[in-house]
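In what follows, a structure is listed as structure tokens, so that the remarks can point back to it.
Read-outs: derived from the displayed coordinates by stated rules, not from any lab. Only a predicted model underlies this, so the values are computations on that prediction, with no experimental measurement involved. Positions of Cβ are generated from backbone atoms using ideal geometry, with glycine treated the same way; all protein chains shown enter the neighbour counts.
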Amino acid sequence: MFSNLIKFFNRITIKIIILYSFTLLVSLVISFFMVYSFFEIYLENKTKDELINKAKTYKILFRQEGIHGLRNQIIKEAEIINNVELFFKIYDKKGEIVLNTNTGIHTKDLVINLENYGKLKPDNYTLTTIDYFDVIVYKLSNRYILVIGKSKFENNKLLNRLMEIFYQAGVIVFFLSLIGGILITNSITKKIKNISNTAKDISTSMKLDSRVPITGTKDELDDLALLINNLLDRIEQLVKTLKETTESIAHDLKTPIARIRSATENLLMKNNLSKECSNLLVNIIEETDSLTQMIEDLLTLSKLESGTFQLQKEKVNLSNIVKKLYNLFKDYAAIKSVDLRLKIQDEIYIYANEKYISRAIANLIDNAIKFNKENGYVNIELYQEDQGVILKIEDSGIGIPEDKLEKIFEKFYRVDESRGVYSGSGLGLSLVKAILLQHDASINVISKEGEGTTVIITFPNITNL
Ligand code: ADP
């Protein structure tokens, strides 16, 4: 679960989307901060200007009509304005209140400490903030101080609205950036997927002629695809050369081996040979036969693994093929005191190359008999299931140690050459695997040392093809 989560966040797509959305959100926050600060300062300055202008207008009125005139005018104004938003106070030099329009719920109990403003000269003012109010303290004359306060409520309402818009924009930008991120990464990952699919094709089915599609957008990924294709061209050429070299060496070897064999046969025909000499010549013939077989196997393997060779396949009756092989191996098994048993469903068909698939199955039956014990058994089962056609070859033989199981498909690998007198080149199972790969079939080996081995092959159902 946790490792799945790590894997998910390690995906390039997710990393790009997160980075993209994060960058967009950070830019949005920074822009908002700048806009917000600008507005805050602008509104603050606007309020200050308003307060100064108002105080100056009242100062003129004070000069023209004295304190009574000013008082009457402010009372008149206070009646029509909302005293929650704006308040006026006039103090005399003793600090006694001459006028107070301070009646709103928020402003009623507002205390203005005039001590600090005592040193102000007439016509001078101080701007300050008391609770939720921007306040101007204006010295009208040596006798009177005018105080005008304006609530920050309107400004805060505006700033809060701005904040709300930002939150909404943030959510919209976040989702838009997700969609944008997905669109951008989709086009990138599609190209990367093309590259990895080609690599997968080559590694799983050795299709060396696969190439990465070039989209023609001439971007870095197209350059990479071109580079990989060039590399594949070279690898394909190299494999071809290697295959040709192997084939020509194998062909060159076949002729002298055939000559040795026929010369040995001729010698064996002679009558005057000692028993020891005859045995030696028979041994030589046997060795040349296994050498020829090994060369044949190597040639077939190199052809199958070249990636350029495709087996011709048709609908074949696997039940009949297995039956034929059973009849072929029956006597050999009897000689080895192994009970060869057959349990198959009739009329099971697969798409296969009869010659090659027979060879692969024969190899497995041969191994099951060869690596068996005296009075042992080999069960051959064939049946059809939803997931495919199953061929099971189970033996009661010497088994394969667990740590060697994954190596048995390697070329020339033999579990333990000192395990007995078993003949073989170690190429059999490599051939089996290469043949099965061409049939899209899977092979699974279960074994316990000393108890036996079960090989399970699953062919695709003909209906699934
Ligand atoms: P070989 O020519 O030696 O039979 P294979 O490629 O067929 O080569 O098998 C590789 C090795 O795997 C064999 O040498 C043997 O040690 C082991 N092996 C294969 N099949 C069996 C089996 N049915 N039981 C025990 N060991 C097996």
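Structural remarks
- The range 10-157 - Debye-derived log10 I(q)/I(0), Cα point model, q = 0.11, 0.12 Å⁻¹: -0.50, -0.56
- The distance from the alpha carbon centre of the range 128-192 to that of the range 38-66 is 24 Å, rounded to a whole number.
- The orientation-averaged projection of the convex hull spanning the C-alpha atoms of the chain amounts to 42.8 square nanometres.
- Axis angle, to the nearest 10 degrees, between helix 318-335 and the longest C-alpha principal axis of the chain: 50 degrees.
- Calculated over the range 220-305: convex hull of Cα atoms, volume per residue (Å³): 71 Å³
- Cross-link reach is defined here as a Cα-Cα straight distance under 18 Å, omitting same-chain residues fewer than 8 places apart; for Lys433 the aspartates and glutamates meeting it are Asp201, Glu296, Asp297, Glu305, Glu354, Asp366, Glu394, Glu406, Glu410.
- With helices as the sole contributors, the chain gives -20000 deg cm²/dmol at 222 nm; each DSSP H run of n ≥ 4 counts as -39500 (n - 2.57), and the sum is divided by every residue.
- Filter on Lys207/Lys313; Lys15/Lys407; Lys243/Lys343; Lys207/Lys343; Lys243/Lys324; Lys15/Lys200 - keep pairs with C-alpha separation over 29 Å: Lys15/Lys407; Lys243/Lys343; Lys207/Lys343; Lys243/Lys324
- Quarter of Cα convex hull surface for the range 261-386, i.e. mean projection, nm²: 11.3 nm²
- Debye log10 I(q)/I(0) at q = 0.11, 0.18 Å⁻¹ for the range 314-464, Cα point scatterers: -0.39, -1.09
- Dipole magnitude of the chain about its Cα centre (Cβ charges: Lys, Arg +1; Asp, Glu -1), debye to nearest 20: 2080 debye
- Hydrodynamic radius of the range 169-261 per Kirkwood, over alpha carbon pairs, in Å: 17.0 Å
- Contact order relative to length of the chain, as percent, for alpha carbon pairs under 8 angstrom and 6 or more apart: 10 percent
- The distance between label points at Lys407 and Glu77 comes to 10.2 nm (points 7 Å beyond Cα on the Cα→Cβ vector).
- Share of pairwise Cα-Cα distances greater than 18 Å in the range 366-411 is 46 percent (whole percent).
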